[in-house]
Amino acid sequence: MSALDALRGWPPPVLDPAGPFAGPVTTVAWVLFAMGAVVLAIVLVATAAALFGPRRWRARLGGERLVWLGGFAFPVVVLTGLLIYGLTLTRDLSAPPAPGEVRVRVTGEMWWWRVGYLDARGGEAFQDANQIHIPPRAPVVLELEAADVIHSLWIPRLAGKLDMIPGRRNILRLQADRPGVYAAQCAEFCGGPHALMGLVVVAHEPRAYAAWQARQGRPATPLPSRGAEVFAAAGCGACHTVRGTAANGLAGPDLTHIGSRRTLGAGILPNHQGTLAAWVADSQALKPGNRMPAYPVLSGRDLRALAAYLEALK
């Protein structure tokens, strides 16, 4: 496993649930696998009997009654039973929020994730991007939206898969039984660099989560530096917000605490000065089609200063 894979918990073992809301999904998956194997075996046996069995078997297999029973009644009964069983087993995955539960609003963008942490009244306390931080052993409610096209959030070890549709808000519940890093991915083709639209879920111990939440809620306190001057002169604040400064753009990710994030580019790069400079210089070479323009006009000195400034935003 590479260092980047360790940072983002990749690849996720899809049949190894790490929470109570992923468990029912895994159970349904195994039941479907088993039923699929049984049906396949029946079809193979019937096919072999029809092709190579005695003539009386072939006559019975071609009868109208067997066609109605095996081709119509059996699939209807089996599929209806599986549907009812699956819906019953997973009915709690989209239950509405309960008082006191952690609520996070995740908005799918082309091609990254806007993450807003909500207060008790449902207002947004602060924003993050491309990662979700949660406490362990506690249910978390994700309010899923899409800003442009249909996306789908899939966190295999913590929850099921749910579409994010423009103009609609869907609810997905998750819970991590233990602290750790859990990988997620957009599971609905959304054009362009869809395959490079990853997300990281980090479950902290309660005390560490409270400390992280307190840090994230504070505005940035950057010291005057050449990097801050480059940030302002290049017009970065037109697209990005850095709370505590004049930068208040809404088109791109909030950069208030970008230095504390595990990855860049929605999970495609580890986050450090070198990758920050490379992303600013030419993000299109790293993630073709994304909406971050390249800045080839910046000198090496300016790129290093800007990357140092961004890395210090923690």
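The values are calculated or read from the model by the stated rules, or taken from the named source; none is laboratory data. The structure displayed is predicted, hence computed values, not measured ones. Positions of Cβ are generated from backbone atoms using ideal geometry, with glycine treated the same way; all protein chains shown enter the neighbour counts.
Annotations
- When the residues of the range 220-254 are filtered to those that are not hydrophobic (A, V, I, L, M, F, W, C) and not in a loop (DSSP other than H, G, I, E, B), the one that is surrounded by the fewest Cβ atoms within 10 Å (Cβ to Cβ) is Asn248.
- Annotation for the range 80-95: at least one member residue is at pLDDT below 95 and part of a loop (DSSP other than H, G, I, E, B).
- Checking every residue in the range 195-209 against the condition of being assigned to a loop (DSSP other than H, G, I, E, B), over 20 Å from Gly19 (Cβ atoms), out of contact with any helix residue (DSSP H, G or I) (no Cβ under 8 Å at 6 or more places or on another chain) and in contact (Cβ under 8 Å) with a residue 60 or more places away in the chain gives at least one match.
- Number of residues in the range 151-189 that are crowded, with 16+ Cβ neighbours inside 10 Å and closer than 16 Å to Val202 by Cβ: the value is 16.
- Of all the listed residues (Arg178, Arg218, Arg243), the sole one being in the same structural domain as Pro135 (by TED's automatic domain parsing) and among the basic types (Lys, Arg) is Arg178.
- In the set (1) touching a residue at least 60 places away in the same chain (Cβ under 8 Å); (2) assigned to a strand (DSSP E or B), Arg103 fails one condition alone, (1).
- Meets criteria (farther than 25 Å from Gln216 by Cβ and either basic (Lys, Arg) or in contact with a Ser or Thr (Cβ under 7 Å, 6 or more places away or on another chain) (or both)) for Leu89: yes
- Residue tally, condition assigned to a loop (DSSP other than H, G, I, E, B) and either touching a helix residue (DSSP H, G or I) at 6+ places or on another chain (Cβ under 8 Å) or under 19 Å from Pro99 (Cα atoms) (or both), over the range 135-149: 5
- Residue in the range 60-72 that is modelled with the lowest pLDDT, counting only those that are in a helix (DSSP H, G or I) and either at positive phi or surrounded by fewer than 11 Cβ atoms within 10 Å (Cβ to Cβ) (or both): Glu64
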